[in-house]
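Participant: What follows is a single structure, and I will ask about it in a moment.
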Number of protein chains: 2
Amino acid sequence: MATRPTRPAQRARYDARRDDLVRGAARVFAERGYDQTSIPELAEALGLGTGSLYHYVPGKEQLLIAICDQLMEPLLARVAELDQPDPAARLRALVRLWVAHVVEHRDHMLVFQQERHVIEHGAQWKSVRTSRKRFDRLLEDLLGEAGVADPQLAHWALLGMVNHTAQWFRPRGSRTPQEIADGYVDLVLPPTPPSVRPAGP
Amino acid sequence: MATRPTRPAQRARYDARRDDLVRGAARVFAERGYDQTSIPELAEALGLGTGSLYHYVPGKEQLLIAICDQLMEPLLARVAELDQPDPAARLRALVRLWVAHVVEHRDHMLVFQQERHVIEHGAQWKSVRTSRKRFDRLLEDLLGEAGVADPQLAHWALLGMVNHTAQWFRPRGSRTPQEIADGYVDLVLPPTPPSVRPAGP
DNA sequence: CACTGTACCGAATGGTCGTTCGAACTTCGA
DNA sequence: TCGAAGTTCGAACGACCATTCGGTACAGTG
């Protein structure tokens, strides 16, 4: 059974290890696929014995949920901190943040996308679905405020473009995440001269 | 074993039935997921006995390949028939065709997307990978000719937007596939007045 | 040092899956 | 109408999977 240490001093270590394992699982699942990877295979890829995994995660599906949480929670946290007063500037900042998050969590994204049907239908997945809805709503509202010509279409278009980035972006490629993000924003926003753009982070 | 009739007269029937079954399998897999659907479950959903499926398809993975072929081949065929001399007009026609194809094959698209890793790595998947590459190349070239500001980014952006359409489009929604396609094209192309646009199909 | 909570292990288990197969039934050409 | 070709069936089979469990080794604390 997955048991968290009772001694507070050791809990930090346990949590950190767990986070690492979840991250590693995301990497393995992204490459081999969730269903095609057996627990013994996964454990070996993580440098663990078969049974040891269950010390940190109660089961395979919970592991998948943990991967999605590791993807969604920090994104929502970072988005909540946006404070640009101008909607267009806030939109640009959001997309920059978002693209950066996607490329930093490529593996998580790929797993997230290929398990769409479980996320949509599974009973234990309500929290993940809620997170996604929160983000959706936020984006749609912002697009409306920012004066986009067709906010609804722009919403779907952005979701498609940005999430798809996980499938082609390569760290050694010729563009930075920020350049990509700005390219996306320029597609949906009436372009502004570069001099008006907020500087990078 | 999956055996095609030797009598030519019956082959047409057999092929049509097989196509129907593949289509049905796409629908079931899109909803429940490929790995989460067992062969007995699938057979029942298709109104067949467990063993009967194997009369038409040699195995579960071949069934998945058949679904992808049923998606890619007609699209490439329709694309090959485009004959607009003006590149921008050809681009618009291509995207209209493409979006229409995506919404008509929603189930196939959803399966295609969630099985990305198998398609990319599997040994028997070379033909599907080749088809996708052909389409990619074609789109990229056309974007260059059509005078898009940033053809490479537009290429990835379009792929993301259009393919993502399968995940949100509903037949009873407020937009036609053609309106959606035109919206996408207007994002990547310097907009032209509606009067200059080619008429619908 | 002794003791206790923690980390790790891998063979064993029960269940489910994809696939096979021999037989029964149906269709069709002659 | 007869026989062969085509179609359907579902129980049976071997393989493999997620998970469990009894146990060993280790680390921190008193």
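The values are calculated or read from the model by the stated rules, or taken from the named source; none is laboratory data. Model, not experiment: these values are computed from the prediction. For neighbour counting, all protein chains shown are included, and Cβ atoms are generated from backbone atoms with ideal geometry for every residue, glycine included. Just so you know, the surface numbers come from the protein's heavy atoms only, side chains and all, with ligands and any DNA or RNA stripped out. Shrake-Rupley method; radii C 1.70, N 1.55, O 1.52, S 1.80 Å.
Participant: Out of (1) in contact with an Asp or Glu (Cβ under 9 Å, 6 or more places away or on another chain); (2) away from DNA strand C (no atom under 16 Å from the Cβ); (3) assigned by TED's automatic domain parsing to the domain that holds A:Val188, what's the single condition that is false for A:Val118?
Facilitator: (2)
Participant: Scan segment A:37-61 for residues that are more than 9 Å from DNA strand C (Cβ to nearest atom), free of Cβ contacts under 8 Å to residues at least 24 places away in the same chain and open to solvent by 70 Å² or more (accessible area, probe 1.4 Å) and jot them down.
Facilitator: The answer is A:Glu41, and nothing else.
Participant: Now for a different question. What are the residues in segment B:133-153 that are open to solvent by less than 40 Å² (accessible area, probe 1.4 Å) and within 9 Å of chain A (Cβ to nearest Cβ), if any?
Facilitator: Hit for segment B:133-153 is B:Leu153, nothing else.
Participant: Within 13 Å of chain A (Cβ to nearest Cβ), surrounded by fewer than 18 Cβ atoms within 10 Å (Cβ to Cβ) and closer than 15 Å to B:Asp69 by Cα, is that true of B:Arg116? Don't jump to the end; show me each part of the working.
Facilitator: Numbers: within 13 Å of chain A (Cβ to nearest Cβ): yes; surrounded by fewer than 18 Cβ atoms within 10 Å (Cβ to Cβ): yes; closer than 15 Å to B:Asp69 by Cα: yes.
Criteria met by B:Arg116.
Participant: Tell me, which helices (runs of 4 or more DSSP H) wholly within segment A:1-87 include 2 or more residues that are away from DNA strand D (no atom under 15 Å from the Cβ)? Quick ask: steps written out before the conclusion?
Facilitator: Numbers: elements: A:8-32, A:39-45, A:60-80.
So the answer is A:8-32, A:60-80.
Participant: For residues that are at the interface with chain A (Cβ under 7 Å from one of its Cβ atoms) and open to solvent by less than 10 Å² (accessible area, probe 1.4 Å), tally how many sit in segment B:154-164.
Facilitator: Within segment B:154-164, residues that are at the interface with chain A (Cβ under 7 Å from one of its Cβ atoms) and open to solvent by less than 10 Å² (accessible area, probe 1.4 Å) number 3.
Participant: Quick check on B:Glu31: is it within 25 Å of B:Pro171 (Cα to Cα) and among the acidic types (Asp, Glu)?
Facilitator: For B:Glu31, the condition - within 25 Å of B:Pro171 (Cα to Cα) and among the acidic types (Asp, Glu) - is met.
Participant: Sticking with this structure for a sec: Is one or more of the residues making up segment B:121-137 in a helix (DSSP H, G or I), among the acidic types (Asp, Glu) and in contact with a helix residue (DSSP H, G or I) (Cβ under 7 Å, 6 or more places away or on another chain)?
Facilitator: Looking for residues that are in a helix (DSSP H, G or I), among the acidic types (Asp, Glu) and in contact with a helix residue (DSSP H, G or I) (Cβ under 7 Å, 6 or more places away or on another chain), one finds none in segment B:121-137, hence no.
Participant: When you go through (1) assigned to a loop (DSSP other than H, G, I, E, B); (2) open to solvent by less than 50 Å² (accessible area, probe 1.4 Å) one by one for A:Ser174, which number turns out not to apply?
Facilitator: If we test A:Ser174 against (1) assigned to a loop (DSSP other than H, G, I, E, B); (2) open to solvent by less than 50 Å² (accessible area, probe 1.4 Å), just (2) comes out false.
Participant: Could you please find all residues in segment A:1-36 being surrounded by fewer than 13 Cβ atoms within 10 Å (Cβ to Cβ), charged (D, E, K, R) and either more than 20 Å from A:Met72 (Cβ to Cβ) or within 7 Å of DNA strand C (Cβ to nearest atom) (or both)?
Facilitator: A:Arg4, A:Arg7, A:Arg11, A:Arg13, A:Arg17
Participant: Among the residues of segment A:82-104, are any farther than 23 Å from A:Asp186 by Cβ, open to solvent by 30 Å² or more (accessible area, probe 1.4 Å) and away from chain B (no Cβ under 14 Å)? Steps first, answer last, please.
Facilitator: Initial filter on segment A:82-104 (farther than 23 Å from A:Asp186 by Cβ): none.
Scanning segment A:82-104 turns up no residue that is farther than 23 Å from A:Asp186 by Cβ, open to solvent by 30 Å² or more (accessible area, probe 1.4 Å) and away from chain B (no Cβ under 14 Å).
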